[in-house]
Amino acid sequence: MSDETADGHLQELRRGTIVLACLIRLRQPGYGYALLEALDGFGFKVDANTLYPLLRRLEQQGYLTSEWNTEESRPRKFYRTSAAGEQLAATLLTDWERLSDSLRRIQDGS
Amino acid sequence: MTNPSSTPTLTDRYLLAVARQTPEAQRASVQAEVRERIADEIDARLADGDAPEAAERAVLIALGDPARLIAAYLDRPSRLIGPRYYFTWRRLVRLLLVIVLPCVAFAMAIAGGVNGQPIGGIIGSMIGTSIMVGVHLCFWTTLVFALLDRYGDRLSEGHLSEDTTWDPEHLPRIEPAARMSIWSLGSAILWLAALAAFLVLQQFEPWASGDGTPVPIVDPAHWGFLLPYLLGILAASVALAVATYLQRRRTWWAAGIHALLSAAFLVPVLWLWTQGLLVNPAFNAAVGVDAAGDTVRTVGIVLGIIAGAVALLDIAAELRGAWQDGRADVGGAS
């Protein structure tokens, strides 16, 4: 198996978890670059070309709200998880744990 | 990166490219988001000790081709024409429709007039042919763009394709908008004033008669409606030219009103002209022209076609100006 195809599978596995990480992290309002750094600090390597459009999409779907902060030298768009976003996060998290549990049981072969 | 000086930075050019390829409804928000992102990423590189210009370049290269970036931001569904060509396509189709359809309608009117068709038949063939031409125009243009969007990369060197490196030098240059100058305003007013002066002074023109009594060129009966109406349109045209100059940019609105005014002036004049009702019969008699003769009729139709063609060129030039100024305004890369 080449590295490239392995990378492809890894990316697929991680795709949904980025959404989950964003929803959880953005309970505290944050802007794109700060979120990128924060996720990186937690070991979530996210490509900026993935993250920025994702934030925009989540906002359009109503899972995030946003507000332009113009208090600092440059205007920045601050995102925050909405009520719908909280619900989605809960659903995703439950499913993540259920999957992880299932995987463990498959491994144990019971 | 904000740019206090007047020289546009690569970032300004990137943002202009972004603006040009984003639909109006989302333009401001996408541009603001990309601007924030570029600034933050440049700051991060500066903090790592990069030189400012190198940092900007590296960030833009990492962002990649604006068309691809926007496609990701807008999350477009499957489509016939992608973001790279969509706006060019839309502009071209609009421009073609606006220029070609009036030409077609005008040509049908001329042809109908020459063949002596009744007015209802002429209008019917103008509408029918315009619709047919419009449908063809949209279809073939769209087909070419759809093919270009799918296979263009394979045909060209493909600096936009994924496997070759995109270079910020491909970004559009920011040029100062070509504004309407005081000279073009002056010449427009001069021309309109000359036309108005002719319409009034021809009433008192004495050269056609042998004895110095005035013989009006235009049938004096037209002072009842046509001549005041034409003078009104000329006045409105002057007002429009001044307004366009004061706005310092040519807009689609102004170009549209200009087209309407031109049509409002020319259509009745040409119609009366081809019917032989425009010129004063006394004037024809005085200069010895047989208005009903074939030669005069043919010359009249040729002159009418030339006048119509000049008017269409003029309308096209105005539309082109509006397009240029609109392009220059998009983005406002500050």
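The values are calculated or read from the model by the stated rules, or taken from the named source; none is laboratory data. Bear in mind that the values here come from a model prediction, so they are computed numbers and not experimental data. Here the Cβ is made from the backbone with ideal geometry for all residues, glycine too, and neighbour counts use every protein chain on show. Surface areas here come from the heavy atoms of the whole protein model, side chains and all, with no ligands, DNA or RNA. Shrake-Rupley method; radii C 1.70, N 1.55, O 1.52, S 1.80 Å.
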For A:Glu12, B:Glu33, A:Glu86, write out the residues from largest to smallest accessible area, computed with a 1.4 angstrom probe and no ligands counted.
A:Glu12, A:Glu86, B:Glu33
Could you compute how much accessible surface A:Ser66 exposes when probed at 1.4 Å, giving the result in Å² to the nearest 10?
40 Å²
On protein heavy atoms with a 1.4 Å probe, the accessible surface that disappears when A meets B, both sides summed and given to 100 Å², is 1500 Å²
Taking a probe of 1.4 angstrom, what is the accessible area of B:Val104 in Å², to the nearest 10?
30 Å²
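For chain A, what's the relative contact order in percent, using C-alpha pairs closer than 8 Å and at least 6 residues apart? Mind showing how you got there, number by number?
Numbers: 87 pairs, mean separation 29.2, N = 110.
Once divided by the residue count of chain A, the mean separation gives 27 percent.
Treat region A:1-58 as a sphere of radius equal to its Kirkwood radius over Cα pairs and apply Stokes-Einstein at 20 °C in a medium of 1.002 mPa s; give the translational diffusion coefficient in µm²/s, rounded to a whole number.
Values: Rh = 12.1 Å.
In µm²/s, the coefficient is 178.
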What is the average number of partner chain Cβ atoms found within 10 Å of a Cβ in A:23-35?
1
What residues qualify as long-range amide H neighbours of A:Leu64, i.e. H under 5 Å apart, gap of 5 or more or another chain, H built at 1.01 Å from N?
A:Glu59, A:Ser82
What is the spread of the Cα atoms of the protein assembly as shown along each of their three principal axes, largest first, in whole Å?
118, 50, 45
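Considering only protein heavy atoms, with the full assembly of protein chains and a 1.4 angstrom probe, order A:Trp68, B:Trp89 by accessible area, largest first. Don't skip to the answer; put the middle values down first.
On the way: A:Trp68 90, B:Trp89 55 Å².
Ranking A:Trp68, B:Trp89 by accessible area, largest first, yields A:Trp68, B:Trp89.
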Area of A:Leu99 that stays accessible when all protein chains are in place (1.4 Å probe, Å², to 10)
80 Å²
Quick one: ranking B:Trp323, B:Trp253 by accessible area, 1.4 Å probe, largest first, what do you get?
B:Trp253, B:Trp323
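I need the semi-axes of the equivalent ellipsoid of region A:22-110: take the C-alpha gyration tensor, multiply each eigenvalue by 5, square-root it, list largest first in whole angstrom.
Values: eigenvalues 188, 46, 19 Å².
Semi-axis lengths for region A:22-110 are 31, 15, 10 Å.
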For region B:93-150, what is the accessible area per residue in Å² when the probe is 1.4 Å?
58 Å²
